[in-house]
Amino acid sequence: MVPLKRRKVAGNNSVAEQGGDKTPPKFPEVFLFLLERKMGASRRAFLSQLGRKKGFQVEELFSTSVTHIISENNSGDEVRAWLDSQDRTRRCPAPLHLLDISWFTESMSAGHPVQILDRHKVQDALSLLAENAELSDQDGRGVAFRRAAAVMKSLPEPVTSMTQLRGLPCLGEHSLRVIRDVLENGASREVESMKQSKQYKALKVLTGVFGVGAKTAARWIREGIHTLHQLRNSGHTLNRAQQAGLEHYDDLNQQVSKAEAEAIQQIVEEVVASVLPGAKVTLTGGFRRGKLMGHDVDFLITHPEEGKEVGLMSKVVSWLESQGFLLYQKTTRNSYLVSDDSPALPPSNMDRFERCLSIFKLAQDQPHRAKQLGALPLDTAEHRRGDSGLQTDQDSCSQRIQTPGGQEDTKPWRAVRVDLVVSPISQFAFAVLGWTGSKLFERELRRWAGQEKAMSLSSHALYDNKKRKYLQASSEEEIFAHLDLEFIPPSERNA
Ligand code: CTP
Ligand code: MN
Ligand code: MN
């Protein structure tokens, strides 16, 4: 978790570099590789040098000899995504340890490679419990487990015993029980049996359908529906979102890459520029935080002249639709009125901007086809076998289609979830801050505003309850300053 720090804290203490001669490798079986991503080139160089002085072999380039990959501020998924992007022929055949910087610093101060501990297992267990709570419509418990996982992630040193956890915030009785189980037995029995349960598996499958929330999934499970096949044959009338969700199930459950996000950004920018010159498109959500993968792509659109943005969304959507870029869209009108909305009310998690939840049809590079940029017209959708998406059996094979010649081929496009939001320029800074996330970070920030500053922060505005007035801001930096906080860049808001 990123600790919120008050502003004007003393500057960085730079670590004095120590002199000394090179020593021969003390641990011939250990080859470290420090991931530059997020660590930065100069810190990486400094840490590499430090490692070598302590007798470790630190590789400059990634190669088959690497045994330990050290990263800083990257999630496990991000490191694995990076690893996947490496030349496979150079991949290490031996098991590779993906480790956090804490393992490195711990090993440096110990003077030898320390035992790789179960902290990440603890984090995984708590995250799974959080997920299960959220899927079961128990958001309060979900938040509690997410906070506990974030606290475990933020600890400066490996956890070997429960006594180290005394006095830490956010670790409730239940979380502590899970942590003890992992430390003592290597795994949490509760989490292991949850993962195997029919209920959990069914919840995961059903809430994986776009348009299906925890409540709906739970109701279907009570009716005995556990699989997509059973859902299709249940005779339930599905709404438009759910039909699209079922039809594009595989695509929508596949992560979106940074490159795909950029391709969509290019399309959105072109459309916006052509319907309203001067309007600005900003990539928000996880990709703005520097994530390499996401579940969707989020954009915020504004115009430097207040009022010019009115009516923009419907034009953008019509244009996208006419060009065959949209497989599904639902636009919600702006319902925020400064004068009508009492800022003294606790800010709701939902904002009231004009927004469009959509599914894009994104052309993909094909090994056997000519490269195509942008989307394809809808009527080339060769996958549309059967007369309705509900009757086709695409659960596990929507990536494969039959070409007219009967050959199997990969379909030339994929479905991607895209969120478009339009904000007037006067609320833009608040909207960017609110739509950059992460959700846990937003929650902590709003809590800070309310509890420490008696202010109400939303994606629209910041209201000072004591001065009884709105505080204006034209950048995220100004909002942090109003809140008396040091600025936290997007890449550090992943907690
Ligand atoms: N958000 C919001 N109102 C919504 C949905 C989302 O304000 N109805 C905000 C969330 O608070 C979050 C941001 O939009 O800060 C992005 O949400 P989302 O796309 O769900 O999550 P990401 O952080 O982008 O993660 P992912 O990569 O999984 O998409
Ligand atoms: Mn997102
Ligand atoms: Mn989103």
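Among the residues making up the range 260-274, those that are free of Cβ contacts under 8 Å to residues at least 12 places away in the same chain and either among the acidic types (Asp, Glu) or in the same structural domain as Asn74 (by TED's automatic domain parsing) (or both) are Glu262, Glu270. If you take the residues in the range 214-232 that are touching a residue at least 40 places away in the same chain (Cβ under 8 Å) and surrounded by fewer than 17 Cβ atoms within 10 Å (Cβ to Cβ), which one is nearest to Phe145 (Cα to Cα)? The extreme case among them is Lys215. Each residue in the range 153-202 was checked for being crowded, with 16+ Cβ neighbours inside 10 Å, hydroxyl-bearing (Ser, Thr, Tyr) and either touching an Asp or Glu at 6+ places or on another chain (Cβ under 7 Å) or over 16 Å from Ala133 (Cα atoms) (or both), and 1 pass. State whether one or more residues within the range 442-459 are in a loop (DSSP other than H, G, I, E, B) and within 22 Å of the chain's Cα centre (by Cα). Within the range 442-459, one or more residues are in a loop (DSSP other than H, G, I, E, B) and within 22 Å of the chain's Cα centre (by Cα).
Does Ala133 fit the bill of being free of Cβ contacts under 8 Å to residues at least 40 places away in the same chain, within 19 Å of the chain's Cα centre (by Cα) and farther than 29 Å from His248 by Cα? When the stated conditions are applied, Ala133 does not pass them. Could you go through the range 293-313 and let me know if any residue there is assigned to a helix (DSSP H, G or I), modelled with pLDDT of 95 or more and either within 22 Å of Ser474 (Cβ to Cβ) or within 16 Å of ligand 2 (Cβ to nearest atom) (or both). Yes, there is a match, as at least one residue in the range 293-313 is assigned to a helix (DSSP H, G or I), modelled with pLDDT of 95 or more and either within 22 Å of Ser474 (Cβ to Cβ) or within 16 Å of ligand 2 (Cβ to nearest atom) (or both).
Has the range 124-136 got at least one residue that is out of contact with any Cys (no Cβ under 8 Å at 6 or more places or on another chain) and not in a helix (DSSP H, G or I)? Within the range 124-136, one or more residues are out of contact with any Cys (no Cβ under 8 Å at 6 or more places or on another chain) and not in a helix (DSSP H, G or I). Taken together, Arg400, Arg414 contain a single residue that is under 30 Å from Arg232 (Cβ atoms), touching an Asp or Glu at 6+ places or on another chain (Cβ under 6 Å) and either surrounded by 22 or more Cβ atoms within 10 Å (Cβ to Cβ) or modelled with pLDDT under 95 (or both), which is Arg400. The set of residues from the range 275-303 being within 17 Å of Phe353 (Cβ to Cβ), free of Cβ contacts under 8 Å to residues at least 24 places away in the same chain and more than 14 Å from ligand 1 (Cβ to nearest atom) comprises just one member, Val281. Restricting attention to the range 252-285, the residues being crowded, with 18+ Cβ neighbours inside 10 Å, farther than 20 Å from Val422 by Cβ and either within 16 Å of ligand 3 (Cβ to nearest atom) or of a type in the set (S, T, N, Q) (or both) number 3.
The values are calculated or read from the model by the stated rules, or taken from the named source; none is laboratory data. Keep in mind that this is a model prediction, so the values were computed, not measured. A quick note on method: Cβ atoms are made from the backbone with ideal geometry, for glycine too, and the neighbour counts reach across all protein chains shown.
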